[in-house]
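Computed from the coordinates by the stated procedures, all read-outs in this text should not be read as laboratory data. Keep in mind it's a predicted model, so treat the numbers as computed, not measured. Glycine gets a Cβ as well: all are built from the backbone with ideal geometry, and neighbour counts include every protein chain shown.
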Amino acid sequence: MSLLQVRDVSKTYGSGRAAVAALDGVTFSVETGSMLAILGPSGSGKTTLLSIIAGLLQPSSGEIVIDGDPIHLRSSRTAAAYRREKIGLVFQDYHLIPYLSAVENLLLMPRLAGRVSAEHREKARGLLGEFGLEKRAKHMPSELSGGERQRVAIARALMNDPEIMLVDEPTANLDTERGTQVVTMLGEHVRGRAMTCLMVTHDGRMAEGADRILRLIDGRVAESL
Amino acid sequence: MLALSEILHSKLKFALIALAIGLIVALTMTLSAMSEGLVTGMTGAKGNLDADAVVFQGDTYLNLERSLLTAEEVERVRAADGVAEAYGVGHIFISVDAPAKAFDTRAFGLEGDFEQLPIVEGTGGMPTDGEAIVDETARADGIEVGDTLALTPIDRELTVIGFTENRRYVMAPVFYVNLKTYEDLRVASMFGAMAETTDAELPSATHVTDAVDGSVSVVAVKLEPGVTVDDLAQTLGGEFDVVTPDEAALAGNGMPVMVLAVNGIQVVSFVIGALVIGVFFYITTLHKTGQIAAVKALGASNAFVYRQLLAQILVLVTLGALIGTGLALGAGAGMPSTMAFDPRLDRWAVTLGLVYLMAFVGSLFSLRSILRIDPATALDHAEH
Ligand SMILES: Nc1ncnc2c1ncn2[C@@H]1O[C@H](COP(=O)(O)OP(=O)(O)OP(=O)(O)O)[C@@H](O)[C@H]1O
Ligand SMILES: [Mg+2]
């Protein structure tokens, strides 16, 4: 069953002679419990695509369908709720909150939605353990290595049980070995769960850890493996 | 709480902000206390008269120094419709030969109601002849309860039996005496150096004394329930001017201009304070644009982000208010008592309320930028 469908999505920045067609009729779908790597050179529209699925950008045309329901985000408030409830977002430069410890960074997610309960704390500890960070729970981001920060960011994105994980360049700041390790961990988490993961990368070796690869060139799907 | 974690994480930065807010609070409070001190120093004895209305001689433009009501006029006011109680108040210039230095001030003769004077030292109630209850700022001139002071040049003496408070007039401590003493001071003043000679040797003096008998400067009136100052003015007609004690206080001695200046100073300090506090939080908000974009991209609503800011403002302004109040009290304690400094709790409560209001108004700048931060920028790594 395909959890996420991207249907004929186009995005043009600007207008007139300054118009840039970042995405042009992109169509694909992703199965539940699988991981899709989006591969493409710089400027091919990867981040634009991620932003549209995350509800951060409106497509110029086309639609995003989750579980059979097209998403409509009319206000910044519904878009925020959509991101909280459906999306797990991992930024390339992590964006951990510098004044919160690793575990508090995870608890930020339930906090955005309301109260933090004992179950949330339990879950945060579990996720940190899963990503090999049980000893780092109380550390501040400044006290963590790049790879550890990356994993905290991934664990945070998983806190609210998102249906769709969106990961931007997860390995850009890591060496190949650690990068592959992170991608493997992420893949293990996604498989067998009612979620999918889209990972943007321009590194072909990282894409090997995914179930499928989508190649973007100049805003079009060039190849879908 | 996110807001608190951030404060604890950057203690120095937020301590400095709290200190800056504290200095602003101290400034506004000190200015408020000094303004208040100036106004009560100028008018306390008039404005604090225990009365609903003060009746002046007509066409004296509410000038206490010039108003004169004869015994017959006082009786007319007392008997007027709507008047529950009335007592005469006499005003006269005196020169006091105090231990520290001689100074000019005024004596107020009260026909009654001495209970209106709060006693901070010594005894209250109606003074006997030759006794006075004095505003406590007279201490600065070396005067103490029990002192007998010579009045120059009229060769009279007054014995201080008690100190009261907030009863200065044109910055000098007022001496409250009974009506008989007041009349004696007036007659003596009229004849100046000749007062040493006896009345019997001067037929004209007897004449004047008779005329002065029972006359006062103004009449303080307590109205019957439901009767207004305007009603009384209507009843008494054009021979009298009728106002509230507060209006009386703000008339004459350049008070209208002074009040304008004092209010101007307070408004300016308030506006600058609001701007400075607003700019502080605006800068901290601008400083965190990237972080706010990320939190919004993770699903934080604008309301969530703004609530964090408000929580921080609440904590820092409360700290600042404590620091500021401490500094202002310290500044007040360090000032000489003659300096016009009147820290009134109600005024400071208003000032504190205004400081919270200024901070809130200031936070609106930040709200605008919070609303404008585009969460999509959190994915543009190039900018960071
Ligand atoms: N806000 C914008 N305004 C105008 N043009 C934009 C904007 N954002 C992106 N573009 C353009 O859209 C195209 C796709 O950009 P996008 O950021 O999606 O590429 P990308 O594949 O993520 O590249 P990279 O690998 O360098 O991150 C580029 O040509 C870019 O210049
Ligand atoms: Mg990109």
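Using only Cα atoms and rounding to the nearest 10 degrees, what angle (0 to 90) does helix A:102-113 make with the longest principal axis of chain A? Around 60 degrees separate the two axes. Length available on full extension from residue B:12 to residue B:121: 0.36 nm per residue minus the Cα-Cα distance, which gives 34.5 nm. For the stretch A:121-161, the equivalent ellipsoid built from the Cα gyration tensor has semi-axes of 16, 11, 8 Å, listed from largest to smallest.
Using the Cα coordinates of the stretch A:38-165, the gyration tensor eigenvalues translate into equivalent-ellipsoid semi-axes of 28, 18, 12 Å, sorted from longest to shortest.
Residue by residue along A:86-94, Cβ atoms of other protein chains within 10 Å of the local Cβ number 4 on average.
Helix content alone sets the calculated 222 nm mean residue ellipticity of the protein assembly as shown: runs of n ≥ 4 DSSP H residues at -39500 (n - 2.57) each, divided across all residues, give -14500 deg cm²/dmol. If you scale each eigenvalue of the Cα gyration tensor by 5 and take the root, what three semi-axes come out for the stretch B:12-137, rounded to whole angstrom and sorted largest first? The three semi-axes for the stretch B:12-137 are 39, 21, 15 Å.
For the stretch B:53-243, treating each Cα as an identical point scatterer without solvent, what Debye log10 I(q)/I(0) comes out at q = 0.11, 0.12, 0.15 1/Å? Taking Cα atoms of the stretch B:53-243 as identical point scatterers yields -0.52, -0.61, -0.92.
Sketch the reach of a paramagnetic label on residue B:61 as a point 7 Å from Cα along Cα-to-Cβ, and name the residues of the stretch B:158-177 whose backbone nitrogen lies under 11 Å away. The answer is none, because no backbone nitrogen lies closer than 11 Å to the label point. Amide H contacts for residue A:38 (H built 1.01 Å from N in the peptide plane; partners 5 or more residues away or on another chain; cut-off under 5 Å): A:199, A:200, A:201, A:214.
When Rg and the Kirkwood radius Rh are both evaluated on Cα atoms of chain B, their ratio Rg/Rh stands at 1.18. With the dipole of chain B worked out from charges on the C-beta (+1 for Lys and Arg, -1 for Asp and Glu) around the Cα centre, which of B:27, B:98, B:54 lies farthest toward the positive end? Going by the Cα projections, it comes out as B:27.
In terms of overall dimensions, the C-alpha atoms belonging to chain A reach 51, 39, 37 Å along their principal axes, ordered largest to smallest.
Under a point-charge model restricted to the Cβ atoms of Lys and Arg (+1) and Asp and Glu (-1), what is the dipole moment magnitude of chain B relative to its Cα centre, in debye to the nearest 20? Taking the Cα centre of chain B as origin, the dipole is about 3240 debye. For chain A, a Gaussian network of Cα nodes joined below 10 Å ranks A:20, A:90, A:167 by mean-square fluctuation, and the top entry is A:20.
Whole angstrom only: what separates the Cα centroid of the stretch B:1-44 from the Cα centroid of the stretch B:247-316? Each part reduced to its Cα centre gives a spacing of 12 Å. For the segment B:372-379, counting C-beta atoms of other chains within 10 Å of every residue's C-beta and taking the mean gives 6. Counting only aspartates and glutamates at least 8 places from residue A:11 when in the same chain, those with an alpha carbon closer than 14 Å to its own are A:24, A:63, A:218.
Measuring between their Cα centroids, the stretch A:26-42 and the stretch A:159-197 lie 13 Å from each other. The three principal axes of the C-alpha atoms in the protein assembly as shown carry coordinate ranges of 131, 49, 44 Å, sorted with the longest axis first. Along the stretch B:266-280 the Karplus relation, 6.51 cos²θ - 1.76 cosθ + 1.60 evaluated at θ = phi - 60°, assigns HN-Hα couplings of 5, 5, 4, 5, 5, 5, 5, x, 4, 5, 5, 4, x, 5, 3 Hz to successive residues, with x for each Gly and Pro. Taking every C-alpha pair closer than 8 Å and separated by at least 6 residues, the mean separation divided by the residue count of the stretch B:65-199 gives a relative contact order of 26 percent.
Within the set A:86/A:138; B:46/B:222; A:138/B:296, which residue pairs have Cα atoms separated by over 19 Å? As for pairs spanning more than 19 Å Cα to Cα, those are A:86/A:138; A:138/B:296. Mean-square fluctuations from a GNM of chain A, with a 10 angstrom spring cutoff on Cα atoms, peak among A:135, A:46, A:123 at A:135.
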